[in-house]
1. Regarding B:Val269, is this residue within 11 Å of chain A (Cβ to nearest Cβ), closer than 26 Å to B:Leu172 by Cβ and not in a helix (DSSP H, G or I)?
2. When you scan region A:39-71, how many residues do you find that are within 13 Å of chain B (Cβ to nearest Cβ) and either of a type in the set (S, T, N, Q) or part of a strand (DSSP E or B) (or both)?
3. With within 30 Å of A:Lys102 (Cβ to Cβ) and away from chain A (no Cβ under 14 Å) as the only criterion, which of B:Leu239, B:Leu205, B:Leu221, B:Leu247 stands out?
4. Check whether at least one residue in region A:224-242 is within 16 Å of the chain's Cα centre (by Cα), of a type outside the set (A, V, I, L, M), under 17 Å from A:Val34 (Cβ atoms) and surrounded by fewer than 23 Cβ atoms within 10 Å (Cβ to Cβ), and report yes or no.
5. Find the residue count for region B:48-89, including only residues that are among the aliphatic types (A, V, I, L, M) and out of contact with any helix residue (DSSP H, G or I) (no Cβ under 7 Å at 6 or more places or on another chain).
6. Considering (1) under 23 Å from the mean Cα position of the chain (by Cα); (2) more than 8 Å from chain B (Cβ to nearest Cβ), say which one A:Ala110 fails and leave the rest.
7. For region B:268-287, name all the residues that are closer than 14 Å to B:Val246 by Cβ and of a type in the set (A, V, I, L, M).
8. Can you tell me which residue among A:Leu159, A:Leu178 is in contact (Cβ under 8 Å) with a residue 40 or more places away in the chain, within 13 Å of another protein chain (Cβ to nearest Cβ), within 15 Å of the chain's Cα centre (by Cα) and not in a helix (DSSP H, G or I)?
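The values are calculated or read from the model by the stated rules, or taken from the named source; none is laboratory data. Only a predicted model underlies this, so the values are computations on that prediction, with no experimental measurement involved. Ideal geometry is used to build each Cβ from the backbone, glycine not excepted, and the neighbour counts take in all protein chains shown.
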Amino acid sequence: MQLVIQDIFFAYGSCSVLKGVSMEVVPGQVLSIVGPNGSGKSTFLRCLTRVLKPQGGAVFFDGRETAQISSRELARLLGYVPQAGAEAFPFTVLETVLMGRKPHLNWGVAQKDLDVVAQVMQFMGLAEMAQRPMDQLSGGQKQKVFIARALAQEPKVFLFDEPTSSLDIRHQLEVLELVGKLARQKRCQVVMVLHDLNLAARFSDRMVMLKDGLIFAAGQPREVLTPENVGAVYGVEASITDSARGPYVLPLRPVAAGTVPQQARQLPEILKWLKVPFKGKWAYPEAQGGNE
Amino acid sequence: MGLFRAKVDSVGVGGSLGEIQEIYTRHTARKACLLIALVLFLVAVTLLATVVGAAAVSVSDVFRVIAANVVPAYQGTVNTLAETVVLQLRLPRILLALITGISLAGAGTVMQGILRNPLVSPYTLGMSGGASFGAALAIVLGTSFLGPSFNVVGPYFIAVNAFVFGFLTILLVYGIARLKGTAPETLILAGVALGYLFSAGVSALKYFSNNEALKELVVWLMGGMWGATWQQVGLLTPLVLACMVVLMHYAWDMNALSAGEEVAVNLGVNVNRLRLIGLTVSALAASATVAFTGVIGFIGLVSPHICRMLIGSDNRFLIPCSSLVGAALLLVSDTLARTIIAPTEIPVGIITSLIGAPFFLYLLLKKRKRWWS
């Protein structure tokens, strides 16, 4: 199972949001996408879930273009976890997780569906609150239920949109550890959009930094999170210390765009990510997950 | 949270996998029981409604009339007055109330579900306004152009016009919203705007119409089951039931949509198609019944809310539950409407609002509690 995103282009009307983004996601690894507001992170995720249809480029699962895959089959390949938001109507936790079985069932609920749901709820530690209505849960609990729903789809790829945005530090750690567990234990491919650079650095194997709809930097967190990159992309002067758990970004003050030297833009790196000719198989040094 | 952690650890893998299944089975069984209880309740109310009324008809008379017409081998005697009252007046009216309740409440549930908004009903989406305008147009133009022959073809002319206008309004609302990308808010606002437009049209027609047309128009706008015939029941029953079957088919899709559009797409739902089909089919059912009964508000808004508190939000159970509750509400209201100060009738819309609104407010104020938890 290989997820390859090739040269995605998307515009809302005349406003281009994604101007050619390419990447490959490796099983067993967490890939996080960072970037300032409006850099195209969420749009990119929506293009992957097919909520938005990219005007250019394509997404491939094992060499098959997703545009050619039926929505039911795609729902079994790809699980999406939204930000914790308000439901229109109160469902219980069990009903919500059961919705994840929709791509597998017709109208009735089979034994297999209940088994999967029970296992998933066990795995997420939700079994105790199966009967609770969703509107009585805290933000952290809701996020876990949403992850459980995506797990119930039994997908190969997980997409997380800001999974920690409204959580306290305890829940942030719990959720991100779970995300890592999905990648390493279940050998899934995980793409997550994160705002918090430090959490992204700690919990992802690779990072992609977007700026104005283009990949500005990509690679190991240590390679991406440099004072020069953070300055050029966010317009922020930052001090970056190298800790035992990866780089730590301490934003100092906003600076005018352009005052931070831009020569750090790693051109060879970016060339590798952009416009790579795709000929069925596609590999480059970072893809060490054994998928070449 | 520490406690929660400890629980997870002590349960381990495979500790209580059966528990989830047991919870699911129990809930499903309770919901099924509730639906069966509602059906039994409806049957009881139907029998009661057949017995009560201006003309005295006893329970045994009702059974004899029904037996004489249903069982071919029935040999007993039948009271002819009772037969006329039950067969020609009460039964068609009762059945029309039931089918109207089913279609309005079912349509309201589906519209609220696919637009993810608890304020939506056939009324707020402009359908009732459109149907009223259609009926008003038919009444005013019909009385002036058709003259005396209006009394013969009038009812059909009104019904067809009301249906066409009501149904087209929903399609128009959807079309307008489609230009802007089918955001639910656009749809609802477009419905409200068109509703105002049509109500202005109705006011204008009222203002310019003669006395005879005005009276007929006012009566139609208040809504009621008094014009019920077997023909209407025969036409509406298969139509409404077919619409409900189609809507039930999309119950899972609606469940997924209530979790958000992006989640629904990710779960394999074609959201635009779901919205188009759901709106069209529910508008078809609702406008077809409203065409014969006139505007009956409140049922389509209130019964989905009552049922969400009763049976939860799972549309597989919510749609039938809401339909049954809508039927019961309308039948009880209509029975009260024709018996409270019999032989004078009160328009049923007054009763539905008088009973429904305070009851709805009570439900809103009461702490939300699910009956099964």
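1. yes
2. Residues flagged as within 13 Å of chain B (Cβ to nearest Cβ) and either of a type in the set (S, T, N, Q) or part of a strand (DSSP E or B) (or both) within region A:39-71 amount to 6.
3. Step by step, each of B:Leu239, B:Leu205, B:Leu221, B:Leu247 is checked, and only B:Leu239 is within 30 Å of A:Lys102 (Cβ to Cβ) and away from chain A (no Cβ under 14 Å).
4. No, the conditions are met nowhere in region A:224-242.
5. Number of matching residues: 12.
6. (1) is the only condition that A:Ala110 fails.
7. B:Leu274, B:Leu276, B:Ile277, B:Leu279, B:Val281, B:Ala283, B:Leu284, B:Ala285, B:Ala286 - these are the residues of region B:268-287 that are closer than 14 Å to B:Val246 by Cβ and of a type in the set (A, V, I, L, M).
8. Being in contact (Cβ under 8 Å) with a residue 40 or more places away in the chain, within 13 Å of another protein chain (Cβ to nearest Cβ), within 15 Å of the chain's Cα centre (by Cα) and not in a helix (DSSP H, G or I) holds for just one of A:Leu159, A:Leu178, which is A:Leu159.
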